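These notes concern the structure reproduced below.
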Amino acid sequence: MKIQLTPFYIIALVILFSCKQKETNTTATQQPNIIYIMSDDHTTQGIGAYGSRLASLNPTPTIDRIAKEGVLLENAFCTNSICTPSRASIMTGQYGQVNGVVDLSGSLKPENQYLAIEMGKLGYQTAMIGKWHLKHAPEAFDYYNVLPGQGDYFNPTLYAKEGGEKMEIKFEEDLVREVNATKYEGHSSDVITDISLDWLKNKRDKNKPFFLMHHFKAPHDFFEYAPRYEGYLADVKIPEPESLWDNKNNGSIATKGINNTLTDTIGSSVGHRNVIRNMGMHMEIDPNIPDPEYKHLAYQEYLKRYLRCVKGVDDNVKRLFDYLEEAGLMDNTIIVYTGDQGFMLGEHDYIDKRWMYEESMRMPFLVRYPEKIKAGSRVNAMVNNTDFAPTLINMGGGKTPDYMQGSSFDKILETGKEPEGWQQETYYRYWMHMAHNHNNPAHFGIRTKDYKLIFFYGRDYNTERNVEAQEWAHNPESMSYFDTPPAWEFYDLKNDPNEMDNKYGDEKYADVISDLKIRLKKLRAEVKEDDTPFPQIEKVVQDYWD
């Protein structure tokens, strides 16, 4: 039947369309939606917009779009470069000793999942999808569908608040729970995005603003990428960092041992240097091949697998963008992209994270929200992951709760300017002494815009584990029992941004270092860091402070 478009019919259509538009945008005039996208171990070197040696490979065109149309933070840092503690600080706005999560054994109870709780108070419908890694289920969210523990790259099982089948799932080595779980087919990056898109399209209350935490597993080791990326970068030589081959005066006896006696043990390497754990082993490079060829082959395979995982992340971020644009939500949604910490991609011949060195400590942080954020802006204000929750809460229309230690930098995102009294330093503490055969000595330190001071105290905080490990002496998973030499390291980041020359002990910097130690002591008190429960650590700190 042919419909005649009479004036009355046209008016009715206009009214109907206007009502539909009004329904879609009801919350737009009140609160923006928020999508917080976080990958695991995606470091700034692996994002084109940060301009690293890998930028010429164009690894992240979609993520780079956030920087082009929004803001990029140059000085965002984690307070502990390891998954569980970093995620706990993001969720609580607190440092490790306050929220109780200082290493991978930590967990976050629903009543302490503060970011979800506060966003719920502001009227947001909240969802957590993907990698959670905080042991207790994310019950503070209205909806969740998450990986148990690390989860699997392929055909992953995720557990949810409702739906699925009752299954016993192994979260960690010593933790098994019965949950509502579903086994999905495909690569985890695709699956997690499928679930987020399904929630956005079909399961959320469209009369409420949404707060979605979309967490990829990738590119966490061991870098299992979707088969469709097998040919990506196959014939490309990946640029190598200079420090992979010549580490100059980076480090100290804390990272090398006296007379370099621990270089084969401390810090998992790319090539043969570390005989306990190196990337060549994981990349299945023939161990009979000597360095430098072994190291070169290991690095190339390592970076190609890593960047193929990154490619999968970037392509799936585009799927989220496509939905937002089709639904007319792109400009009314605050889009955040970050990683849970940095990652060493061969710099200083190191792999993994954990270190207070730049590549491990720095986090990517990019935000798009055209209503308030100027396109193409860059900010060098000092922020860390305890500031993320306060910032998201303030951008959603709330105020930073008194129990959070972090501060909101929402006005910095909007203006590009630091408010009077803004923090000029950030604190770092890595607790997991000589763990997982990566063998990073425990350390803490302070970073300003110009300088970095690190103290490697080299002791495990858990004395019970220490005693147990000493009884059988050769724990295949850990060398936490092994005390490493304490030492300080100092880097002049203005003149040595790649941290190639440890200047601790140089008289030229004596006054700067003395001032940094005063600021470090004050900062430790401010973040409520207390080593009195760990006398073996406190003694080393006191003995080596001056």
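Just checking, how many residues over the range 261-305 are open to solvent by 60 Å² or more (accessible area, probe 1.4 Å) and hydroxyl-bearing (Ser, Thr, Tyr)?
So the answer is 1.
Is there a residue being of a type in the set (Val, Ile, Thr), at pLDDT 95 or above and more than 30 Å from Asp322 (Cα to Cα) anywhere in the range 221-236?
No, that holds for no residue.
If a residue has to be open to solvent by less than 10 Å² (accessible area, probe 1.4 Å), among the aromatic types (Phe, Trp, Tyr) and touching a Gly at 6+ places or on another chain (Cβ under 7 Å) to count, how many in the range 107-149 make the cut?
1
Taking the range 204-236 only, how many residues are more than 23 Å from His282 (Cβ to Cβ) and of a type in the set (Ser, Thr, Tyr)?
Keep residues of the range 204-236 that are more than 23 Å from His282 (Cβ to Cβ), which gives 204-215.
Narrowing the set further to residues that are of a type in the set (Ser, Thr, Tyr) leaves none.
Number satisfying all stated conditions: 0.
Please determine whether any residue of the range 152-167 is among the aliphatic types (A, V, I, L, M) and modelled with pLDDT of 95 or more. Write out each step before concluding.
Restricting attention to the range 152-167, the residues satisfying the condition of being among the aliphatic types (A, V, I, L, M) are 158, 160, 167.
Narrowing further to those that are modelled with pLDDT of 95 or more: 158, 160.
Scanning the range 152-167 turns up at least one residue that is among the aliphatic types (A, V, I, L, M) and modelled with pLDDT of 95 or more.
Show the residue pairs that are 6+ apart or on different chains and have beta-carbon atoms under 8 Å apart, the first residue being within the range 255-276 and at positive phi, the second being of a type in the set (Val, Ile, Thr) and open to solvent by less than 50 Å² (accessible area, probe 1.4 Å).
Listed by first residue and then by second, the contacts come to Gly257/Thr263; Gly257/Thr265; Gly257/Ile266; Gly257/Thr484; Gly267/Thr255.
Looking at Phe171, Phe141, which is the one that is assigned to a loop (DSSP other than H, G, I, E, B), at negative phi and in contact (Cβ under 8 Å) with a residue 24 or more places away in the chain? Please lay out each step first, then the result.
Details: Phe171 fails: assigned to a loop (DSSP other than H, G, I, E, B).
Answer to the selection: Phe141.
Within the range 476-517, can you find the residues that are part of a loop (DSSP other than H, G, I, E, B), among the basic types (Lys, Arg) and either at pLDDT below 95 or open to solvent by less than 80 Å² (accessible area, probe 1.4 Å) (or both)? Please lay out each step first, then the result.
Just the residues of the range 476-517 that are part of a loop (DSSP other than H, G, I, E, B), to begin with: 476-477, 479-486, 493-500, 502-506.
Narrowing further to those that are among the basic types (Lys, Arg): 494, 503.
Within the range 476-517, just Lys503 meets the criteria.
Here's a check for you: in the range 526-546, which residue that is assigned to a loop (DSSP other than H, G, I, E, B) and among the charged types (D, E, K, R) is least open to solvent (accessible area, probe 1.4 Å)? Working first, answer last.
If we filter the range 526-546 for residues that are assigned to a loop (DSSP other than H, G, I, E, B), which is where we start, we get 527-534, 545-546.
Now drop any that are not among the charged types (D, E, K, R), which leaves 528-531, 546.
Working: Lys528: 140, Glu529: 28, Asp530: 68, Asp531: 13, Asp546: 162 Å².
Taking the candidates together, the pick is Asp531.
So for the range 211-224 (the condition being farther than 30 Å from Leu147 by Cβ and open to solvent by less than 60 Å² (accessible area, probe 1.4 Å)), does at least one residue qualify?
no
Exactly one of these conditions fails for Leu115: (1) hydrophobic (A, V, I, L, M, F, W, C); (2) free of Cβ contacts under 8 Å to residues at least 40 places away in the same chain; (3) touching a Phe, Trp or Tyr at 6+ places or on another chain (Cβ under 9 Å). Give me its number.
Here Leu115 clears every test but (2).
Where the second residue is of a type in the set (Lys, Arg) and the first is open to solvent by 10 Å² or more (accessible area, probe 1.4 Å) and lies in the range 180-201, which pairs have Cβ atoms under 9 Å and are six or more apart or on separate chains?
Asn180/Lys161; Asn180/Lys166; His187/Arg228; Asp190/Arg319; Asp194/Arg319; Leu197/Arg319
Could you please give the count of residues in the range 53-78 that are open to solvent by less than 10 Å² (accessible area, probe 1.4 Å) and under 15 Å from Val313 (Cα atoms)? Spell out how you get there, then give the answer.
If we filter the range 53-78 for residues that are open to solvent by less than 10 Å² (accessible area, probe 1.4 Å), which is where we start, we get 54, 59-60, 63, 66, 70-73, 76-78.
Next, from what is left, pick out any that are under 15 Å from Val313 (Cα atoms): 59-60, 63, 66.
Within the range 53-78, residues that are open to solvent by less than 10 Å² (accessible area, probe 1.4 Å) and under 15 Å from Val313 (Cα atoms) number 4.
Kindly state which strands (runs of 3 or more DSSP E) lie completely within the range 327-437 and contain at least 1 residues that are open to solvent by 10 Å² or more (accessible area, probe 1.4 Å) and not polar (S, T, N, Q). If you could, list the steps in order and put the result at the bottom.
On the way: elements: 333-339, 365-368, 377-379, 425-430.
Passing ranges, in order: 365-368, 377-379, 425-430.
Scan the range 88-103 for residues that are under 18 Å from Asn462 (Cβ atoms) and not small (Gly, Ala, Ser) and jot them down. Even if it seems obvious, please write down each step before you answer.
Here is the first cut: in the range 88-103, the ones under 18 Å from Asn462 (Cβ atoms) are 88, 96-97, 99-103.
If the condition is that a residue be under 18 Å from Asn462 (Cβ atoms) and not small (Gly, Ala, Ser), then Gln97, Asn99, Val101, Val102, Asp103 are the ones that fit.
Failed condition for Ile351, given (1) among the hydrophobic types (A, V, I, L, M, F, W, C); (2) in contact with a Leu (Cβ under 7 Å, 6 or more places away or on another chain); (3) over 19 Å from Met38 (Cβ atoms), with all others met?
All conditions are met except number (2).
Quick check on this structure: which one of Ser52, Ser56 is closer than 27 Å to Tyr430 by Cβ and either modelled with pLDDT of 95 or more or not in a loop (DSSP other than H, G, I, E, B) (or both)? So that I can check it myself, show each step before the final result.
Working: Ser56 fails: closer than 27 Å to Tyr430 by Cβ.
The unique qualifying residue is Ser52.
Taking the conditions exactly as written (among the polar types (S, T, N, Q), touching a residue at least 24 places away in the same chain (Cβ under 8 Å), closer than 21 Å to Ile35 by Cβ and surrounded by 21 or more Cβ atoms within 10 Å (Cβ to Cβ)), does Asn316 satisfy them or not? Spell out how you get there, then give the answer.
On the way: among the polar types (S, T, N, Q): yes; touching a residue at least 24 places away in the same chain (Cβ under 8 Å): yes; closer than 21 Å to Ile35 by Cβ: yes; surrounded by 21 or more Cβ atoms within 10 Å (Cβ to Cβ): yes.
When the stated conditions are applied, Asn316 passes them.
The values are calculated or read from the model by the stated rules, or taken from the named source; none is laboratory data. Since we're looking at a predicted model, the values are computed, not measured. For neighbour counting, all protein chains shown are included, and Cβ atoms are generated from backbone atoms with ideal geometry for every residue, glycine included. Areas reflect the complete protein model, heavy atoms only, side chains present, ligands, DNA and RNA absent. Shrake-Rupley method; radii C 1.70, N 1.55, O 1.52, S 1.80 Å.
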